[in-house]
Amino acid sequence: MRFVATCKLGLESTVAIQLKKLGIEPVETLDARVAFDDDFDTMAKALLWLRTAERLLLTVGTFAARSFDELFEQTKALDWKPFLKPTTRIHVNGKSAKSTLFSVSDCQSIVKKAIVENLKAAYHTDRIPETGEEVIVEVGILKDDVTLALDCCGAGLSRRGYRTYNVPAPLSETLGAGMVMLSRFFPDTPLIDPMCGSGTIPIEAAMIANNIAPSRGRTFASEQWTFIPDGTFSRAREEARDAERHEKLCILGSDIDPHCIDLCKKHAKKAGVMVDWKVRPLKEFETSWEKGVILCNPPYGERLLDAHEVKRLYHEMRNVFDRYPAWEKCIITAMREFEQVYGIRADKRRKLSNGGMVCTVYRYYAKRF
Ligand SMILES: C[S@@+](CC[C@H](N)C(=O)[O-])C[C@H]1O[C@@H](n2cnc3c(N)ncnc32)[C@H](O)[C@@H]1O
């Protein structure tokens, strides 16, 4: 079976690297998606462990279509019987980009009608009552190429389940994990996020350091599928539990806002990780750890602080961080002129799409002595 892990543009390499670590060989890496061919045990493992993927899809078929007739006929011609019963409730989601068929709602209803016709013929019945479990079908059209797939996740994979309270501009969990994975962080590396908000980056780092499957605390749409072997998910969960460590880590999150730090403590407890938290304004930043990684997601001037305040904060970051040359710094922001304001060119940049907004991770390597 062909599975496709979708991700934010710019995080494909982190998905591919993680798949390889899980013993899964990617067969194709394209913009915002990495494909692999494997079985349901591997699907369950990928769902529990992938830290930077947004969704996991099971491909049913791909074809080109430029008219509604073509979409209908080719959808109907696919083999839906292995996945859907007459009682399955079929929910169709869709998206279309750079394609002749641009009306997503029309495409969704045509795909649904075609699947229903296919099932009527396959099960020799006139009635598809849809009274049973739900299966989510994804229709994705890009440059007139249609992919029909089953959504294995339900809620997106960034919904780990630990972040129950929100701050005004939180980073998605997948992006938080992506930042950690793009830095030179290892399980025993000290890590500090001095503007940690709801705690996403330190919590994701702690889960990585302790080899905790990020989605172990949630359920997936595919657990309802009647066509997967019994025990698939319980086996994968047991393996994940056995692999976990619960070691004390050198990870600290701080923020100027005491309310944020209260939330961080709640979130870390829910995630099952031990992280140190502190209410502290950036200008009082200090650490006795000799070296490590500073990761942060400061305000951009969009939702928090105005442009003038953001510039002042970025100057303050530079003054504070320059005192720690042995530390790597990794800063994610959507401010285009960040490097001019901060005052040094980054050693490495990675552009990422963040919910329609283009952000860049600027990396400043640690100086060697
Ligand atoms: C974009 S949010 C961080 C969101 C966080 N990454 C998350 O996932 O929830 C920026 C954070 O910077 C904090 N902040 C702003 N100015 C600060 C300062 N001078 N010192 C410390 N924290 C500050 C804000 O309180 C806010 O929580």
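Quick notes on this one:
- Residues in region 63-91 reached by a label modelled at ASP126 [backbone nitrogen below 18 Å; 7 Å Cα→Cβ]: 86-87
- Region 217-290-region 118-180 distance, computed between alpha-carbon centres (Å): 23 Å
- Rounded to the nearest Hz, the phi-derived 3J(HN,Hα) couplings of region 137-152 under the Karplus curve 6.51 cos²θ - 1.76 cosθ + 1.60 (θ = phi - 60°) are 9, 9, 9, x, 10, 10, 6, 6, 9, 9, 10, 10, 8, 9, 7, 7, where x marks glycine and proline.
- Eligible aspartates and glutamates near LYS265 by straight Cα distance, threshold 19 Å, same-chain separation 8 or greater: GLU173, ASP193, GLU204, GLU247, ASP255, ASP257, ASP276
- Backbone geometry of region 8-18 corresponds, through the Karplus equation with coefficients 6.51, -1.76 and 1.60 at θ = phi - 60°, to 3J(HN,Hα) couplings of 5, 4, x, 9, 4, 5, 5, 5, 5, 5, 5 Hz, x marking Gly and Pro.
- Rounded to the nearest 0.05, the FRET efficiency derived from the C-beta distance between LEU22 and ASP145 at R0 = 30 Å is 0.60.
- Ranked packing of 236-245, 138-147, most packed first, by mean Cβ within 10 Å: 138-147, 236-245
- Dividing the mean sequence gap of close Cα pairs (under 8 Å, 6+ apart) by how many residues region 168-276 holds gives a relative contact order of 38 percent.
- Label point at ARG218 placed 7 Å out along Cα→Cβ; residues across region 192-209 whose backbone nitrogen lies under 18 Å: 198-208
- Histogrammed with a bin width of 5 Å, the alpha carbon distances of region 2-151 distribute as 2, 9, 19, 20, 17, 15, 11, 5, 1, 0 percent, first bin at zero.
- Close lysine pairs were tallied over region 62-160: pairs 8 or more places apart or on different chains with Cα atoms under 16 Å apart number 14.
- Lysine pairs with alpha-carbon atoms under 19 Å apart, region 285-369, spacing 8 or more or separate chains: 7
- Whichever lysines have a C-alpha closer than 22 Å to that of LYS270, once near sequence neighbours (fewer than 8 apart) are set aside: LYS45, LYS248, LYS278
- The value for the chain of Rg(Cα) / (2.2 N^0.38 Å) is 1.10.
- The value of relative contact order for the chain, using C-alpha pairs under 8 Å at least six residues apart, is 15 percent.
- Computed across region 280-369, the Kirkwood radius stands at 13.7 Å (inverse of mean 1/r, all Cα pairs).
- Once you reduce region 51-80 and region 328-369 to the center of their Cα atoms, the two points are 37 Å from each other.
- Considering only ARG159, ARG312, ARG184, the Gaussian network model of the chain with Cα springs below 10 Å gives its largest mean-square fluctuation to ARG312.
Bear in mind that the values in this text are calculations on the coordinates, not laboratory data. Keep in mind it's a predicted model, so treat the numbers as computed, not measured. We place every Cβ from the backbone using ideal geometry, glycine too, and count neighbours over all the protein chains shown.
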